[in-house]
Amino acid sequence: METSNAVAALAALAQDNRLDVFRLLVQAGPEGMPAGRVAEKLDIAPNTLTFHFDRLRVAGLVTVRREGRSMIYAARYDSMNALLGYLTENCCQGRAEQCKPAAREKSRPIRRGEQMA
């Protein structure tokens, strides 16, 4: 991954609602989720959500496809994995296999109206 792409992806994720949207789409799996369902689950106004989807799409983190009258958004796992790889490629002085992820509380699905920690 190029540095400019990593910066664009990190900038897109550096906003509460967009990070919530991206995490929800990652949880949804490769089939994605209709925009209306994302709006409902995260309690975000559709016009505001459109703005956030566009920022994530331009950063290469999500894709969109039309199914009938619905717009289906999905996380781009290749981009997510490339960003993670970029961030960790020099971990532990270039010996990434020695790095252990920090212990953290397991995430749970986002509920409507709930803020993520």
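Tabulated results
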quantity	calculated
Matching residues in region 67-92 - criterion: being in a strand (DSSP E or B) and either among the hydrophobic types (A, V, I, L, M, F, W, C) or closer than 18 Å to residue 21 by Cβ (or both)	70, 71, 72, 73, 74, 75
Region 36-52 - residue that is farther than 15 Å from residue 22 by Cβ and of a type in the set (Gly, Ala, Ser) and, of those, surrounded by the most Cβ atoms within 10 Å (Cβ to Cβ)	36
Given (1) at pLDDT below 75; (2) among the aliphatic types (A, V, I, L, M); (3) closer than 18 Å to residue 22 by Cα, number of the condition residue 96 does not satisfy	(3)
Any helices (runs of 4 or more DSSP H) falling wholly within region 1-66 and containing at least 2 residues that are touching a strand residue (DSSP E or B) at 6+ places or on another chain (Cβ under 9 Å) and not hydroxyl-bearing (Ser, Thr, Tyr)	16-28, 35-42, 46-58
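The values are calculated or read from the model by the stated rules, or taken from the named source; none is laboratory data. Just so you know, these numbers come straight off a predicted model, no measurement behind them. We place every Cβ from the backbone using ideal geometry, glycine too, and count neighbours over all the protein chains shown.
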